[in-house]
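Some notes on the structure that comes next.
No value in this document is a laboratory result; all are computed from the given coordinates. Predicted model only: the values in this text are computed from it and were never measured. Because the Cβ atoms are built from the backbone with ideal geometry, glycine has one as well, and the counts that use them run over all protein chains shown.
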Amino acid sequence: MATTKEYTGSDCTGSNGDLNRTLTLINRAKPDGFLLYVSGLLLSETSSYSIAHSDTGSVITFLNALFDDMEIVVVYNIEFSVSTVNYGNLFSSSRDNIVSLIKDNVSDPTVSSSEFRKWVYSREPDVKASDFKGFPFIIIHPAVLSFDEKTINGQIRTVNWGIQIEVITADREFGNNDGKGSTHLDNISNEIVMYLNNKSNSNVLRQNGLFFIDTNATSVVVESFNNTLIYRRSFMLSFKNKMKVYA
Amino acid sequence: MFLLKVNLNTGDMRKANRRLKRIRRLPEMTSDAMMEWGKILEGDMKTVAWQKGIKSFTGTLYEEGIRWEQRPKGYTGRLFMRLYALALDAAPLGGKWISVKPSRTHLVAWARQAIDGDLRRKALLVQKGKLKYFSLKVRGHPFIMDGWRRARPKLRPIIAKYAKRTIGG
């Protein structure tokens, strides 16, 4: 699933009209299907730009002069970082892979593509704390594990994972985001379901030991908190694998 | 001579037989599903209590003070909660006047830890016997229904997951 992000020249490093200005993408882009447009023109790699990838993101360097008012459109597939699940990391890797998938793909509706805001948590954040970054936010709970059938020596077992994802939005927000609790909830939920059901994403998860991904969404719970309406929807994810459970 | 031979260990019959065996495991799976949901209910109840500012008076409310109990393969689960948390939930929202007197030891102990300095001083006087009693207006802090409302929709997907794993898996 290709992601389209829009920027302007002013989002890049350097000054107006400079050569070699750089633009940092907050996700790591896959080389396949990467397209870069500046003022509507498709640029070609090596002659017009170069791209470098790191674990946290990708950096595009514009080789020619780039002006602040130029519109930049980047179309790319996000490569989310995954680790293979084995008997030594049954809890951590399974959750980390889901966190990575959600963080790298689902877009925050309250900030632009060049900004970053902490909005994925492992537990309920303290919404009254001074460093709370605001609504909406996503909670990805720790994985729940259960075992089924096993081989005679007990080395290979069917492992079932359950991970709960909660999306929480609020009606009372700043500026344009005020009163959009329900809209944000649906938009974020749409993206979560879309990326979890995406074939290439489920293939990546499968290659790393998480088979038979199944997503079930709950109904929306509306709560009142600090005179604000809060919308909450949960996703109950489950995976399965028949694997070695000890060395 | 026979017209038709049906072997339970071949083809569709084998599949049907296997599925029937799985159906027999359904009650066991229901119990497991209930246990998983019970733990979620426990967690949601603790989160809501924390968000509503319920203090852990005995220091154990957020540990075993709110807990789900179920026998490993039992069909009945129970959510246990400290009595003072239940009382806070059930107290009238509009508030009511109560007397803080020496015979109400828990109440006096609670008043001794209050943020309000005047209340702490009066509670100390009551404890020392220098003051017979004093009146205090208390109000409820309902949180149990919110915890229930948050956890209840999660039951259905969990049961569906276990049913799928048992029969359809």
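With the cut-off at 1.5 for a/c, could you classify region A:63-163 from its C-alpha gyration tensor as rounded, prolate or oblate?
Working: a/c = 4.21, a/b = 1.80, b/c = 2.34.
It is oblate, given that a/c is not under 1.5 and a/b is not larger than b/c.
Normalised by the number of residues in region A:92-244, what is the relative contact order in percent for Cα pairs under 8 Å and 6+ residues apart? Walk me through the numbers before you get to the answer.
On the way: 265 pairs, mean separation 37.1, N = 153.
Reported relative contact order: 24 percent.
So, R0 is 51 Å and r is the distance between the beta-carbons of residue B:156 and residue A:16; what FRET efficiency does that work out to, to 0.05? Write down the numbers at each step before the final one.
Working: r = 57 Å, r/R0 = 1.11.
With R0 = 51 Å, the Cβ-Cβ based efficiency is 0.35.
Between A:30, A:103, A:128, which gets the highest mean-square fluctuation from a Gaussian network model of chain A, Cα cutoff 10 Å?
Of A:30, A:103, A:128, the most mobile in the Gaussian network model is A:128.
Each label point is 7 Å from the Cα along the Cα-to-Cβ direction; what then is the distance between the points at residue B:18 and residue B:76, in nm?
If labels sit at residue B:18 and residue B:76, their model points lie 3.8 nm apart.
Note the full-extension length gain between residue B:127 and residue B:145 as 0.36 nm times their separation in residues minus their Cα-Cα distance, in nm to one decimal.
Values: separation 18, 0.36 × 18 = 6.48 nm, distance 3.54 nm.
Between residue B:127 and residue B:145, full extension yields an extra 2.9 nm.
Sum up the charges of everything whose Cβ sits under 10 Å from the Cβ of residue A:161, counting Lys and Arg as +1 and Asp and Glu as -1, but leave residue A:161 out. Don't skip to the end; give the middle numbers.
Details: positive: A:95, A:240; negative: none.
Here the count lands on +2.
Using a Debye calculation, one point per C-alpha and no hydration shell, please list log10 I(q)/I(0) for region A:199-247 at q = 0.29, 0.30 Å⁻¹ in order.
Rounded to two decimals, the profile gives -1.05, -1.07.
Over the protein assembly as shown, what is the percentage of antiparallel beta bridges among all DSSP beta bridges, to the nearest 5?
Details: 69 of 72 bridges.
DSSP beta bridges in the protein assembly as shown are roughly 95 percent antiparallel.
At residue B:120 and residue A:156, where each label point lies 7 Å from the Cα along Cα→Cβ, what is the point-to-point distance in nanometres?
6.5 nm
Within 10 Å of each Cβ in A:148-154, how many Cβ atoms from other chains are there, averaged over the peptide? All intermediate terms of the calculation are to be shown ahead of the outcome.
Details: counts 5, 0, 0, 0, 0, 0, 0.
So the per-residue partner count for this stretch is 1.
Which lysines have a Cα less than 18 Å from the Cα of residue A:5, not counting those fewer than 8 places away in the same chain?
A:30, A:103
Would you work out the relative contact order for region A:2-131, in percent, from Cα pairs under 8 angstrom that are 6 or more residues apart?
Details: 217 pairs, mean separation 38.5, N = 130.
Taking the mean separation of contacting Cα pairs over the length of region A:2-131, I get 30 percent.
According to the square roots a ≥ b ≥ c of the eigenvalues of the Cα gyration tensor, what is the shape class of region B:96-138, taking rounded for a/c under 1.5, prolate for a/b larger than b/c otherwise, and oblate for the remainder?
Numbers: a/c = 1.41, a/b = 1.08, b/c = 1.30.
Verdict is rounded for region B:96-138.
Remind me, relative contact order of region B:96-138 in percent, using alpha carbon pairs under 8 angstrom and six or more residues apart? Walk me through the intermediate numbers first.
Values: 52 pairs, mean separation 23.2, N = 43.
RCO, region B:96-138: 54 percent.
For chain A, what does -39500 (n - 2.57) per DSSP helix run (n ≥ 4), summed and divided by total residues, give at 222 nm, in deg cm²/dmol to the nearest 500? Provide the component values of the computation, followed by the final result.
Details: 3 runs with 40 residues, N = 247.
Calculated from helices alone, the mean residue ellipticity at 222 nm is -5000 deg cm²/dmol.
What number in nm² do you get for the protein assembly as shown if you take the convex hull of its Cα atoms and divide its surface by four? Spell out each step's value before the answer.
Details: hull surface 130.8 nm².
Approximately 32.7 nm², given one-decimal rounding.
If you bin the C-alpha pair distances of chain A every 5 Å from 0, what whole percents do you get?
1, 6, 12, 15, 14, 13, 13, 11, 8, 4, 2, 1, 0, 0
Give me D for region A:131-247 in µm² s⁻¹, whole number, from Stokes-Einstein with Rh from the Kirkwood sum over alpha-carbon pairs, 4 °C and 1.567 mPa s. Could the numbers behind the result be given before it?
On the way: Rh = 16.3 Å.
So the translational diffusion coefficient is about 80 µm²/s.
Provide the net charge surrounding residue B:61, with neighbours chosen by a C-beta distance below 13 Å and charges set as Lys +1, Arg +1, Asp -1, Glu -1.
Local charge sum for residue B:61: +1.
Among A:19, A:237, A:90, determine the one that fluctuates most according to a GNM of chain A built with springs between C-alpha atoms less than 10 Å apart.
A:19
Give a residue-ordered list of calculated ³J(HN,Hα) values for region A:103-111 (Karplus: 6.51 cos²θ - 1.76 cosθ + 1.60, θ = phi - 60°; whole Hz; x for Gly, Pro).
Taking θ as phi minus 60°, the curve returns 4, 7, 10, 6, 8, 6, x, 9, 10 Hz for region A:103-111.
If I model a spin label as a point 7 Å beyond the Cα along the Cα-Cβ vector, how far apart are those points for residue B:55 and residue B:134 in nm?
It works out to 1.5 nm between the two label points.
Return the sequence-ordered ³J(HN,Hα) values of region A:185-197 in whole Hz as given by the Karplus equation 6.51 cos²θ - 1.76 cosθ + 1.60 applied to θ = phi - 60°, using x for Gly and Pro.
Result, ordered by residue: 4, 5, 5, 5, 4, 4, 5, 4, 5, 4, 6, 6, 7 Hz.
Check residue B:58: other-chain or 5+ apart residues with amide H under 5 Å from its amide H, H built from backbone geometry?
Answer set, sorted by chain and number: none.
Hey, can you list the DSSP H helices of chain B whose Cα span along the axis is 27 Å or longer and whose average Kyte-Doolittle score is at least -0.5?
Numbers: long enough: B:26-51 (37 Å, -0.30).
Membrane-span-like by this rule: B:26-51.
Ignore the peptide's own chain and count Cβ atoms of other chains within 10 Å of each Cβ in B:156-163; give me the average, rounded.
Details: counts 4, 12, 7, 0, 4, 7, 4, 0.
Averaged over the peptide's residues, the number is 5.
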